[in-house]
Structures are given as structure tokens and as C-alpha cells.
Amino acid sequence: MAASGSSRADNGYGSQQPRRRKGPGALATAYLVIYNVVMTAGWLVIAVGLVRAYLAKGSYHSLYYSIEKPLKFFQTGALLEILHCAFGIVPSSVVLTAFQVMSRVFLTWAVTHSVKEVQTEDSVLLFVVAWTITEIIRYSFYTFSLLNHLPYLIKWARYTLFIILYPMGVSGELLTIYAALPFVRQSGLYSISLPNKYNFSFDYYTFLILVMISYIPIFPQLYFHMLHQRRKVLSHTEEHKKSE
Amino acid sequence: MHRRQKPSAPEHKRDLAAHGGALSMSHNDTRSFFNFSQLVLSAGHLKSPPVLKHSKITYFEVEILDMQSKKQICIVDKVPPSSTLLDVKHRFHKACPQWYPSRVGLQLERNGPYLKDSINIQSLAVSSIITLYFTDLGQQVGWTTFFLTEYTGPLLIYLLFYIRLSTIYDQVESTKNFRHPVVHLACFCHCLHYIRHLLETLFVHKFSGGHTPLKNMIKGCAFYWGFTSWIAYYINHPRYTPPSFGHRQVSFAALAFLMCEAGNHFINVTLAHQNNSGSKACFPSPTYNPFTWLFLLVSCPNYTYEVGSWISFTVMTQTLPVGIFAFLMVIQMSLWAQKKHKLYLKRFYPEGKFHVATAEPSVEGRQGQGHTTTRISSCFKVKGKESTSSMSHQMQLG
């Protein structure tokens, strides 16, 4: 099917026409439902953990330690989504998904876990809360979509709450990276300097600065893309409702 | 045909008269009238008809609509049926001067494939009005410009690093440190590689006059220039560490590099000669030159040699960034070679009977040796045809 689609639609300029997307089979659907349910549950655990810790401690500082392990486990588990796209059971672009998941994993492990001094920062709480709410809604959205019983509330929440949560998450991330910078410079974390046998050098400090700068072109693009999607999806549903 | 009938008609009449002599007079009259009418009918035109009377030709009208808005941009009328799409594009360019022909993408239906320039207008026509959808393909650049820019950049950038500009390296360290000879050798090899590419672009490769979007050139240049800066920085750095196995490693790698360069050159020359002589129906065959014997093993030996050059360069300088660059080139060349290989299969073995044996995932595979004789005999049978496919050129020239 893929071969016939691509041979018909290839126009010599490399861009492919959209092929008829075959949905996942029954087994794949069952697996995806289980995966999404587990992820929803996991992020709910993180949410509950945050609330309990807040109530127990009385303040919102240093709540990271109470949810450190589930956060690492479930955020790393999102790497499976790249495989889902690669195997074609989810109709998303592998590159885009990989990019998104890797940026999350990078922040979880290479910044928050590696630079212990930033774990007490408030910016960590900022992005953890943003991620938690976003992921709970996103995974429940996927679960219900797969079961073809999507409540309007979940769809609305997914395409509306990002307006606040996305900038909130990005601010949290940027502040965390910025807070980590002096410690990285001081300890020379993950950096190799010349001379060495393989004539290679890497400066993690400069790399983090470049990552921060890269947010500037990427964030607005993704944000406006989501806004565009929102207009398309929610107005489409409005039309459907009116026509009934 | 008309003229032939005139002299034969009197003969025809004479034959019939001979036959008719035996019959009665009344029969003769009818028959002669019949013969006369036949003569009139078979005589044909009294004067030769005009070859092309303008009122008899169906001119086509080509309506060009914008693909996004479906609004009419212009109508190209009085298009003779023998003209090609390229002629229409030229006429369109005259009407709308900002869309020069290489920038124009025309489709028969929205979201359909782009039509080739060589397509005959008549083959597209369903009625006397043809509707085409126009897409702006963006600023285009010729292949020669593309490759010249892409290859001149690395040449100059590496030399900038080689001379150790004070803004890049610390001046004190630069003057103090002794430079290992491999650094000079690396500069020589690198420059040789790109000078060879430039000379081949200018004198050996024959481009079919195709174009590519400017965006592609920007991407290609960013990739080559960026990586060249990165690798040149490390090789020419004052704190560069020479290879671990010393002179033996350097000389072996340098030899391999030179052999791969020579091989690449000869393959390109062979392919260019084949293009010139027009025997594109034949798969390029190995000649007396030992470097071309790689055609027996792989479909696109120029890519193999290119990859070989970069791997030798990596070993010679023992620099990780060069290794990363070589790895990316391997991926890129394998993809191009696979496409080229499929193109060859489609062109030379359209029945698809021959089994393809791939030597290894990254190296281009080919049919086994047993089919060599069949291939050679089929080369003599099929007449070569010039096919101008710009995509094949893109893939041919790594």
C-alpha cells in the first residue's frame, strides 16, 4: 500500500502526497490503550504526590523530592512514543515526536537530575506542574480517542489549557537551565577539553546556552501551531453540533 | 498517393474496356458511366491540398489557475498542438514576467504530481481548453551554481583555519606549538578533495539544465560549510594530538584516500562519457581502468569511493568530528545510492526478474555475476536514448 501510494504521488521534488493512513490493528489498539491508561495513571500519581507533599509540608518549596522517582519513570516511559510512530501504529511524524520527547527527557535527566543544586529551585515546580496537568489531559485524550468515546470536555481541555500551561512550562524550563549554568561551569559537568586522543571537545555550558537560545524560534512556532489546531478542531466540533 | 492514382486510372479504364468488349452495347454504356464515375472519384484532388491550413488546426487554450485560490492567473491561447509544456511556460513567463519557467510548477489537478517540461500539450488535452494549476516553486538555482557554491565554501573555510587566524586560535599558543606533518597533509588532502569536486563540476559533469529550489542550496551549504568549520577547527588547533599509531597509520590512510579520490574521479569521467555517447540504455560497464572494476560489485561506485575518502581522512587525522561527518555522509550516500539503484533496475531490467543481492546495508548491492552476459547482450540490442532526468543528476553527483 505504501509503495503504490508513494509511486503515484511522488512529484520529483521530494514531497509526498498524504497517503491513506491505515489505522492500527486490534492488537496495536489494545496495546496503545493500555499504554495511555498506564501513563495517565502515572501522571495522576505524580499530581497526587505533589498535592500530598504540599499539604504535608505547608509550603510549595522543594516538592521535587517527593515525586522524583515517578517523574523520572513516567517521563522516560514517553520514549516509547517514538517507537510507536516508527512502527506506524500512531500517525505522527517520528522526527517531531522524537524532538518533543527528547527535549523533555533532556530536561529531566541532563539538567534536573544531573545538577543537584537546582532541585530546590521553584522553577522546577513550575514546569513539573505544567507537565503533569498537560500529560494527564493528553494521555486521557488519546485513551478516549482510541476507544471512540471522546468527551467534549477532554478535547476542549487539551486544546485550551495549553494556552496557559505551555508558556508556564517553557518559563519553568528556561529558569531551571539558567539556574544550572553557574554550577555546570564550576564543575565542568559533561565537558571534554583539548588535548585528547580523539581531538574532540565539548562544552556543556555553551551547549546549555545554545539550548536556551533555540527556544526563541521553536516555541512561537509550536505555540501558534497549537492555536491553529485549536481553531480547526474546536470550530469543526461546533459545526458538527449545530448540524445535528 | 493522389498523384499515383492519376496515371493508373487510364490503365484501369483500358483494362475494363478490354473486358467490356465482349458484352452488349447497353451494358457497355452503364459500365462506361460507372467507370467514368470511378475515374472521377479516384482521380483525387485536382490540386495538392495545402499542408497546414490555419482554420483546420485545433489550437489549444491553456488556462492557468492558482492552485491555492483557484483564481485564474492568465490564459495562454493559440497554443499549437505540437508544443510542449516548456513552450507554455515560456509564454506564461511573457505574460507574467515574475514567474520564470524553472520556477513554475504546473499540475493537471490540484495536489496532483507536477508535470514534466517535455510533455506534449496534445497528450494533456481533453478538450480545446486545458486547465492547469500553478504553484510557485520558489527561487530556483541552477545545478552548476549550486555545486560551485557548495564546494568553494569548504575549500576556503579550511584554509582560513589552516592559516590560524588570530580571532580563532590563541596567538601565543599557535606560534609556540610545533605542527605535526599530518596537519599539513590533512590540509593538502582536504583541498585536493574539494578542488577535484570543483573541477569535475566545471569540466566533467553534464547537467541536464535542471534547477533546484534555493532552499536546498542553503541547506546543503549550511551542512557542508558548518561541518568543514567544525573539523577544520580541531585539526588545525594548537593542541591537536596526532594519530596514536604514528606514521604508519597516517601513510596507510593517506594512500587509501588518494586511491579513493582517483577512483571517484575515474568513475565520474566514465559516467560523463557514457552520458555524452548517449548509451544510457546500458549500465555502465567496467573498462580497462582498475578503478572502474568496482562497477562489478556496486551500482554507484562513486558514492562508495566518496565514503572511502572520508573514512580514510578520519583515520588519517584521528579526529572524532571528522568521524561524525563521515558517518553522516555514509547515511546520505546510502540513501542516494539506493534510489539510484532502484532507478537502474527500473530502467535496465524492467521485468524485475533479476534478484538483487545487497552486499551490506550501507553499500549498494547488485545482481550476481551470472547475469553479466545477459546484461551485455541486452546492451547491444537496446538503442540508447537520452533521458534528461534532473533527479538522476542530483543523485549521480554526490
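The values are calculated or read from the model by the stated rules, or taken from the named source; none is laboratory data. Computed from a predicted structure; not experimentally measured. Please note: Cβ atoms are built from the backbone with ideal geometry, for glycine as well, and neighbour counts cover all protein chains shown. Side chains are part of the model used for accessible areas, which takes the heavy atoms of the whole protein and leaves out ligands, DNA and RNA. Shrake-Rupley method; radii C 1.70, N 1.55, O 1.52, S 1.80 Å.
Which entries of B:Lys116/B:Lys215; B:Lys89/B:Lys346; B:Lys89/B:Lys215; B:Lys206/B:Lys346; A:Lys155/B:Lys70; B:Lys219/B:Lys339 have Cα-Cα distances beyond 26 Å here? Exceeds cut-off: B:Lys89/B:Lys346; A:Lys155/B:Lys70.
The loop-placed chymotrypsin sites (Phe, Trp or Tyr not before Pro) in segment B:148-251, going by DSSP, that have at most 16 neighbouring Cβ atoms within 10 Å of their Cβ come out as B:Phe178, B:Phe245. A crude spin-label estimate for the pair B:Phe34 and B:His273, with each label 7 Å from Cα along the Cβ direction, gives 7.2 nm.
Put simply, segment B:235-320 fits an ellipsoid with semi-axes of 34, 12, 9 Å; these come from the alpha carbon gyration tensor as the roots of five times its eigenvalues, largest first. Give me the percent of the accessible area of segment B:142-214 that comes from carbon and sulfur atoms, probe 1.4 Å, all protein chains in place. The nonpolar share, carbon plus sulfur, comes to 72 percent.
Please check segment A:180-212 for residues whose accessible area, probe 1.4 Å, is lower by 50 Å² or more when all protein chains are in place than in their chain alone. Residues of segment A:180-212 that lose at least 50 Å² of accessible area once the other chains are added: A:Leu194, A:Lys197, A:Tyr198, A:Asn199, A:Phe200. At a threshold of 50 Å², the residues of segment B:224-269 that become less accessible to a 1.4 Å probe in the full protein assembly than in their chain on its own are B:Tyr234, B:Arg239, B:Thr241.
Share of carbon and sulfur in the accessible area of segment A:96-165 stands at 72%, probe radius 1.4 Å. Relative to the longest principal axis of the Cα atoms of chain A, the long axis of helix A:204-243 lies at roughly 30 degrees. Relative to the dominant Cα principal axis of chain A, helix A:162-187 is inclined by about 30°.
Cα extents for segment A:200-244 along the principal axes, largest to smallest and rounded to whole angstrom: 64, 16, 11.
Only protein heavy atoms count here, probed at 1.4 Å, and on that basis chains A and B bury about 1400 Å² of accessible area in total.
Rounded to the nearest 10 degrees, the angle from helix A:68-77 to the longest Cα principal axis of chain A is 40 degrees.
Take every Cα pair under 8 Å whose residues are at least 6 apart in sequence, average their separation, divide by the length of chain A, and the relative contact order is 18 percent.
Translational diffusion of chain A was estimated from the Stokes-Einstein equation, with Rh taken as the Kirkwood radius over Cα pairs; at 4 °C and 1.567 mPa s the coefficient is 63 µm²/s. Take segment A:49-148 with all the other protein chains still there, run a 1.4 Å probe, and you get 50 Å² of accessible area per residue.
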